[in-house]
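Below is the structure I would like to discuss, written out as C-alpha cells.
Any read-out appearing in this document is the output of simple, stated calculations on the displayed coordinates, not a laboratory observation. None of the values given here were measured: they were computed from a predicted structure. For neighbour counting, all protein chains shown are included, and Cβ atoms are generated from backbone atoms with ideal geometry for every residue, glycine included.
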Amino acid sequence: MTSPGSTGSPASTGFEEKLLTVPPPIEVAGRWVKRYHVTADPAGIAPEVEEAAYALLPELLPEPDGTPPASFVVLHRGGDDGAYLNVYSWVWDNVLHFRGAAAGQPVLGCPDRDPTHFGTVAMPWIGCVWELPPILHERDAWVRHLLSPKVPDLGAYLADSLSGGTTGDRS
C-alpha cells in the first residue's frame, strides 16, 4: 500500500522536471490552438508523433459557441512508449473544455505501444504533473486578454504563451 502523494513505485529514483517547448499557434477547424510540448528528450518530440497527434485534433475540439475560438494543447512524450495529447478549449466564455488522446499506452486503452497510434481517452484525468503548468498560465492569459479588457483581444491572448524551459520552477 502506498501513502497519499506517493508515486506507487517503491523503486522511484526521484522526481525530475521535463523540458517544455512552445511551438507557434496553429489554426485547426476554425480554432486557434496554442501549443506546448513536454518531453525529457532534448531533441524534442519526434515529428511523426507530433503529426499523428495533431491529425486527431479536429475531433477533440468542441463546436463553436460564440466564445472566441481558442484552445491550447499539451503534447507530452512519456519516458516509455506513451504519448499524450491534452486539448483544452475555451467555451461558454470562461470555461475550459477538455478532451484527451493517447498513444502507446495500453493501460489507457491504446491497442499497442506505437507512439503514433493515437486514440481518444475516456479517463476523466486532465493531466499529469508535467502537463499542468500551462493551465495556470492560460487561465491568467485568458483573464488578462479576453475577460478583463473592455475590448477582448484574441490576438494578444494568442501571443501570450508560457515561456519554454522546464515544466517547473515557475514561481
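Nearest 10 degrees, 0 to 90: what angle lies between the long axis of helix 47-60 and the longest principal axis of the chain (Cα atoms)?
Its long axis makes an angle of about 60 degrees.
Here's another thing I want to ask about it. When the Cα centres of region 11-31 and region 98-162 are compared, how far apart do they sit, in Å?
Region 11-31 and region 98-162 have Cα centres spaced 9 Å from each other.
Pick out which of A40, A101, A159 has the largest mean-square fluctuation in a Gaussian network model of the chain, springs linking Cα atoms closer than 10 Å.
A159
Still on this structure, I have one more. Using alpha carbons only, how many degrees (0 to 90, rounded to 10) separate the axis of helix 133-142 from the longest principal axis of the chain?
10 degrees
Between [x] 52; [y] 63; [z] 58, which matches percent of Cα pairs over 19 Å apart calculated for the structure shown?
Calculated percent of Cα pairs over 19 Å apart: the matching label is [z].
Ignoring chymotrypsin sites (Phe, Trp or Tyr not before Pro) that are buried or in helix or strand per DSSP, and keeping those with at most 11 other beta carbon atoms within 10 Å, what is the longest stretch of the chain between them?
Looking at the chain, 93-171 is the longest stretch - no exposed chymotrypsin sites (Phe, Trp or Tyr not before Pro) with at most 11 other Cβ atoms within 10 Å.
Not counting the cut sites, what is the longest span of the chain without trypsin sites (Lys or Arg not before Pro) that DSSP labels loop and that have at most 15 other Cβ atoms within 10 Å?
1-112
Ok, one more. Considering the chain as a Gaussian network with a 10 Å cut-off on Cα pairs, which listed residue, S148, S161, S71, attains the greatest mean-square fluctuation?
S148
GNM on the chain, C-alpha springs below 10 Å: top fluctuator among T21, T13, T39?
Looking only at T21, T13, T39, the largest GNM fluctuation is found for T13.
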